[in-house]
Amino acid sequence: MKIRDENIAIVIRSAAVPLFKVGTLFWLAGCVTLVWGVGVFFDVAARPSRLREAAYHGDTESVRALLDLGTNVHSRDGWHSTALMYAAAEGHLEIVELLINHGAPVDERSRMRRTPLMWAARNGKRAIVRLRIDEGADAGLTDVDGQRAAELASEHGHSSITSYLAAATVE
C-alpha cells in the first residue's frame, strides 16, 4: 500500500483508488476507512464495491470473476443499493442474470425502497423489466414516495413499459 500526499490515494495491486476526505473519515469506493495517524489505514475489503462498480459499467468478465471469488451479492453501498440494482438500472441483462443465478434477491430494496425492477422501469430497460417479472418480481411494491415501477416508467416517458407493468400488476 502506498499513499500520495497530494491526491490522497491508496494504491492496491497497482490500481490507484481516490479517497474523499470527510472530517477524519476517508471514503474508499463506498467503504469507510479511518485514519489514526499519518499513513495508517485499516484494511478495507474492496471486492463488494468492485462488484457494484463492474455491474454498473457492464463489465461482465469482472462480475463473473468477482462472483467466482465468492464476493457477496448482497453487499450494499451507502444508499443500500446492490450490484443487481446497478446492473438493472443500466440495462446489463447478462449481469442481471449472473447475479440472480448467484442468489441476488428478487425484490431487494434500496434506501429509497426501490427494487431492481423499479430502477429498470425508471430507466426504460425493457428487457430487464421483463426478466424481473419473469423471475417473480412484485410490480405492486411502492418506494418511499408511494410510486410503483409502472409509475416510475410513466414519469420518465417509458409508455410501453408502463403498459407492460400495469398488465403484470393485474395478473
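Each reported figure results from applying straightforward, stated rules to the coordinates on display, with no laboratory input. Note that this is a predicted model, so its numbers are computed, not measured. Methodologically, a virtual Cβ is constructed for each residue, glycine included, from the backbone with ideal geometry; neighbour enumeration extends over all protein chains shown.
Per-structure values
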item	result
Fully extended contour minus Cα-Cα distance, from ASP107 to THR142, at 0.36 nm per residue	11.5 nm
Charge context of PRO105, other residues only, Cβ under 12 angstrom, K/R +1, D/E -1	-1
Label zone at HIS80, where the point sits 7 Å out along the Cα-to-Cβ direction: segment 114-135 residues whose backbone N lies under 17 Å	114-119
At R0 = 22 Å, FRET efficiency that the Cβ-Cβ distance of GLU97 and GLU155 yields, to 0.05	0.25
